[in-house]
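Everything below concerns the one structure shown next.
The values are calculated or read from the model by the stated rules, or taken from the named source; none is laboratory data. In this text the structure is predicted, and so the values were computed from the model without any measurement. So basically every Cβ, Gly included, is an ideal-geometry build from the backbone, and we count neighbours across all protein chains shown.
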Amino acid sequence: MVDVVGQYKKIKKEIDEAALRVISSGQYILGKEVSEFENEIARYLNVKYAVGCASGTDALMVAMMALGIGPGDEVVTTPFTFAATTETIVLLGAKPIYVDIDPATYNLDPSKIEEVITKNTKAIIPVHLYGQSVDMDPLVRIANHHGIPIIEDMCQAIGADYKGKMVGGIGTMGCISFFPSKNLGAFGDAGMIVTNDVVLAEKLRMIVVHGSRVRYKHEIIGVNSRLDALQAALLRIKFQYLDQWTHARRSAASVYSRLFAGSGIEVPCEASYGKHVFHQYTIRLKNRDKVSYTLSEKKVPHGVYYPIPLHLQEAYSAAGKPKGTFPVTEKAADEVLSLPMHTELDEEQQKYIVQSVVEAMKN
Ligand SMILES: *Cc1c(COP(=O)(O)O)cnc(C)c1O
């Protein structure tokens, strides 16, 4: 699905040098590499503050902690995303309140948000799934009207934009994952939170180091969730290639769509309001499970993101709803199939993949 080693080999010299530089420096926790990387990301996303942390999951948790979210609170989000988005809400003792998705973008449908807002709603977490922005204007309007903060889960969408604005800087906070397979991937776990709010930025900065500003003085409850100096140094190298890699992903996506033309297979749509960064290239098939089985037999890599909607997951069932509650999500979970998408794809590989999918669909 991804080719992290192929990508590393192309920039091996720079990466190896950066790794050795950090190892020889003795500065392993925080320090210049981390703060420089935070500044670079803040500039890129056109936000004032960026705070590194240990993962995208932690970014979500720390962002909610900074808002003081806890027991009795409700957080509005999508049931069609990676588990981390809901897991962190539940972990803090709050309740995920789901709204169904838009069938074309797979993203939370803003027209369904108003009806679930209560006096307990403490945040809205839109997820820019597969690399495409949520339709943010209506969402921001509702959030502002009720005075509810927005936490953008942009773990799959670094570099995506919405009406010319980078995602991550549209809501109150933006949460980034640098998991190795993400569009900007570390050599291990890493994450970041961005915001334009100085008060929140200060809280975030404290929470990731045990709620402390001055060592051994703890003002609020925090965690240990720092971005490694080593990962920061390596990410700084890879960051220089991000736009080029995004371009490569977008090109690969248009090659796929061209090759699928006329096959009757539903390909991803790029909404007119923004730039899709194709973390995933996701098609839709009525007989998805059968096609997936055939592709596995032929050893054609593919993935299903995500086969079980979060409202139907056993772990969060206390907050769950019965099957049938979110029909658009449930249908998507039965039909989506993601194809290999990375910066090292060539057209021959893509032709083979498309041919295999089309054959599997017909048989
Ligand atoms: C990857 C991902 C996360 C979690 O990020 P980690 O760095 O793996 O903890 C959260 N939300 C979404 C939508 C993701 O894709």
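Listed values, structure above:
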{"item": "ASP109 being closer than 17 Å to THR325 by Cα, in contact with a helix residue (DSSP H, G or I) (Cβ under 9 Å, 6 or more places away or on another chain) and surrounded by fewer than 24 Cβ atoms within 10 Å (Cβ to Cβ)", "result": "yes"}
{"item": "Sole exception among (1) under 30 Å from LEU184 (Cβ atoms); (2) modelled with pLDDT of 95 or more; (3) crowded, with 17+ Cβ neighbours inside 10 Å for VAL291, by number", "result": "(1)"}
{"item": "Residue in the stretch 13-24 that is within 16 Å of the ligand (Cβ to nearest atom) and either in contact (Cβ under 8 Å) with a residue 40 or more places away in the chain or out of contact with any strand residue (DSSP E or B) (no Cβ under 9 Å at 6 or more places or on another chain) (or both) present", "result": "no"}
{"item": "Residue that is nearest to ALA315 (Cα to Cα) [pool: residues in the stretch 65-112 that are assigned to a helix (DSSP H, G or I) and within 13 Å of the ligand (Cβ to nearest atom)]", "result": "GLU87"}
{"item": "Residue within the stretch 127-147 that is under 19 Å from LEU312 (Cβ atoms) and either within 10 Å of the ligand (Cβ to nearest atom) or not polar (S, T, N, Q) (or both) present", "result": "yes"}
{"item": "Matching residues, the stretch 304-355, being in a helix (DSSP H, G or I) and polar (S, T, N, Q)", "result": "SER317, THR329, GLN349, GLN350, GLN355"}
{"item": "Those residues of the stretch 44-61 which are more than 17 Å from ALA229 (Cα to Cα) and more than 12 Å from the ligand (Cβ to nearest atom), in sequence order", "result": "TYR44, LEU45, ASN46, VAL47, LYS48, TYR49"}
{"item": "Neighbours by Cβ (under 8 Å, 6+ apart or cross-chain): first from the stretch 55-71, under 12 Å from GLU152 (Cα atoms) and at pLDDT 95 or above; second part of a helix (DSSP H, G or I) and within 11 Å of the ligand (Cβ to nearest atom)", "result": "GLY56/ALA84; LEU60/ALA84; LEU60/THR85; LEU60/THR88; MET64/THR88"}
{"item": "Only one of VAL267, VAL209, VAL223, VAL255 that is within 16 Å of the ligand (Cβ to nearest atom) and either of a type in the set (A, V, I, L, M, F, W, C) or surrounded by fewer than 16 Cβ atoms within 10 Å (Cβ to Cβ) (or both)", "result": "VAL223"}
